[in-house]
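First up is the structure itself, then whatever we jot down about it.
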Amino acid sequence: MTGNSAQASSALNAARRQRELQALGDGGTIDLLVIGGGITGAGVALDAAARGLRTVLVEKQDLAFGTSRWSSKLVHGGLRYLAGGGVGIAHESAVERDILLTRTAPHLTRALPQVVPLLPNIGAAQKALVRIGFAAGDVLRRTAGTSPAVLPRSRRVAAAEALRFAPTVKRAGLRGGLVAWDGQLVDDARLVVAIARTAALEGASILTRVEASDVTGTTATLRDRLTGETLTVTARSVVNATGVWADQVDPSIELRPSRGTHLVFDAAAFGGLSASLTVPIPGSTSRFVFAFPAAHNRVYLGLTDEEAPGPVPDVPHATESEIDFLLDTVNTVLREPLTRKDIRATFAGLRPLLRTGGDSTADISREHAILTSPTGVITVVGGKLTTYRKMAEDAVDAAVAHAALPATPCRTRNLPLVGAVSGAFRDGIAAPNRLVERYGSEAATILELTRQHPFMAVPVGPDLDVIGAEFAFATTHEGALDSDDILDRRTRLGLVAADRAAATPAAEAAFEPA
């Protein structure tokens, strides 16, 4: 399939996968082979296909299987990096945040207030540092061109307003709060799927359950993990976007992964939290933990930054010490301390940081790097979710230069993702808001499924806010190939064991013949 094919569609499904694998086996040289289906790989595939390059992405598991589904679901403006002198990455993050919020994915992003409660344990010096930091964040927002209508200015609020944002904060000694605004994703895995589908719309082949081996700068052996069949492909350039597994594709790279862990609570445990409750870590002037509202009536609490040496697991897990650290920190500001009994689930992700010396992983730069191996493989590594688009642009620029590819200029700064809708157009979609938040303009398609098949309007389990039509759409349009894809990445119901058990029969039924 060529870029900008007139026959291209955004729908990913088993039938399309089979057709495109077969076409790939028929031979011919492709322009760009992308290995890895996380946010970076999907971004590279979109950028390349939008430039008119014949592009194939292969992922041995599912879209967003690795680190890309374990983020904090925040679209950071890069404020944290200013503390370490990282003005460049801070500005880049703020610019990319604006692009996501206003142009490419307004349906999957929203403004989120961050409130720091001013309690007696926050001294004058720390309070001053937070205010300075928030003011610097306002400068970043302005220099990125983000309107206050999109992200309001930071301000101090009275105790009553701080409690409206975070109702379970201690009242005794509360002197108000400091509030700033950042971006939040409805869901990180859904963003990856939207990027991959947009790449498919531009003509890219998106092939999950396909493993690459014997990778060089121009060739790779691909194995269909569903059938066991193999084929060798020839590409003018190969991009390694496998994240924490990048050194397995290119052994010349040394990574130093760090683990970020989150705890999952019912929303009721935080009494209707409507902001990111931002809690300074005792003894630190620049690090915080956050509790913020999430999909499916949940609250996520994170984030740790611990070195994670050794083999990279498919699914990382929280350690006991990380769980204790997060609980102990957030409990410094809560009236009623949370305990392990309140935790519904945990999740952890590994950041693919480049080894740079003896610093702690918390101090290693989050800037991305584009590296070319001795065999010619181009690897993109490091970076952060918010800056995926710029990482992809730089990687494709490197591939174009390395292989003299016939590409047009990058278009992704202003290329809306599938479903993108905002403002009055968003308000005009005749569908429940929860569907519009997840699917944007495609919420109408979900609703039409329920009209055609009334049984699809039924929730997939008791007290769950996902309906059967969403599961069906995952199989016909979003590339889900089994029930785990639906439960763990197209929705996040699988994160909580009880929700997973309740929704599994409906997820399995979505693959049964009609």
- Message: When the residues of the range 263-280 are narrowed to those that are buried (at least 20 other Cβ atoms within 10 Å of the Cβ) and either out of contact with any helix residue (DSSP H, G or I) (no Cβ under 8 Å at 6 or more places or on another chain) or of a type in the set (Ser, Thr, Tyr) (or both), which ends up nearest to residue 463 (Cα to Cα)?
- Response: 270
- Note on the structure: Note: among 176, 183, just one is in contact with a strand residue (DSSP E or B) (Cβ under 7 Å, 6 or more places away or on another chain), of a type in the set (Gly, Ala, Ser) and either surrounded by fewer than 21 Cβ atoms within 10 Å (Cβ to Cβ) or without any contact (Cβ under 8 Å) to a residue 12 or more places away in the chain (or both), namely 176
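Here's the yes/no breakdown for (1) under 19 Å from the mean Cα position of the chain (by Cα); (2) surrounded by fewer than 16 Cβ atoms within 10 Å (Cβ to Cβ); (3) on the phi < 0 side of the Ramachandran plot; (4) of a type in the set (Phe, Trp, Tyr):
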site	(1), (2), (3), (4)
235	no, no, yes, no
241	yes, no, yes, no
282	no, yes, yes, no
300	yes, no, yes, yes
- Query: When you scan the range 401-414, how many residues do you find that are touching a helix residue (DSSP H, G or I) at 6+ places or on another chain (Cβ under 6 Å) and among the aliphatic types (A, V, I, L, M)?
  - Reply: 1
- Message: Could you go through the range 489-500 and let me know if any residue there is surrounded by fewer than 20 Cβ atoms within 10 Å (Cβ to Cβ), among the aliphatic types (A, V, I, L, M) and either in contact with an Asp or Glu (Cβ under 7 Å, 6 or more places away or on another chain) or farther than 27 Å from residue 208 by Cα (or both).
- Response: yes
- Could you grab me the full set of residues in the range 376-387 that are touching an Asp or Glu at 6+ places or on another chain (Cβ under 8 Å) and either within 14 Å of residue 37 (Cα to Cα) or not in a helix (DSSP H, G or I) (or both)? 377, 379, 380, 382, 383, 385
- Message: For the range 388-397, check the following and say yes or no: at least one residue is crowded, with 22+ Cβ neighbours inside 10 Å, touching a His at 6+ places or on another chain (Cβ under 7 Å) and hydrophobic (A, V, I, L, M, F, W, C).
- Response: yes
- Query: For the range 472-495, how many residues meet the condition of being within 27 Å of residue 348 (Cα to Cα), touching a residue at least 12 places away in the same chain (Cβ under 8 Å) and outside any loop (DSSP other than H, G, I, E, B)?
  - Reply: 13
- Note on the structure: Going through (1) in contact with a strand residue (DSSP E or B) (Cβ under 9 Å, 6 or more places away or on another chain); (2) under 19 Å from residue 353 (Cβ atoms); (3) of a type outside the set (Asp, Glu) one by one, residue 39 fails only at (1)
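Yes or no, residue by residue, for (1) among the basic types (Lys, Arg); (2) within 24 Å of the chain's Cα centre (by Cα); (3) at positive phi; (4) buried (at least 17 other Cβ atoms within 10 Å of the Cβ):
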| position | (1), (2), (3), (4) |
| --- | --- |
| 443 | no, yes, no, yes |
| 446 | no, yes, no, yes |
| 451 | yes, no, no, no |
| 462 | no, no, no, no |
| 475 | no, yes, no, yes |
- Of the conditions (1) modelled with pLDDT of 95 or more; (2) of a type in the set (Asp, Glu); (3) closer than 30 Å to residue 494 by Cα; (4) buried (at least 16 other Cβ atoms within 10 Å of the Cβ), residue 202 fails just one. Which one is it? (3)
- Message: I'd like the full set of residues that are surrounded by fewer than 15 Cβ atoms within 10 Å (Cβ to Cβ) and of a type in the set (Gly, Ala, Ser), limited to the range 205-233.
- Response: 213, 228
- Go through 287, 298, 256 for me and flag whichever is of a type outside the set (Asp, Glu) and modelled with pLDDT of 95 or more. 298
- Picking from 498, 503, 399, 469, which residue would you name as being touching a strand residue (DSSP E or B) at 6+ places or on another chain (Cβ under 6 Å) and part of a helix (DSSP H, G or I)? 399
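The values are calculated or read from the model by the stated rules, or taken from the named source; none is laboratory data. The structure presented is a predicted model; accordingly, all values stated were derived computationally and were not measured. Glycine also receives a Cβ, built like all others from the backbone with ideal geometry; neighbour counts cover every protein chain displayed.
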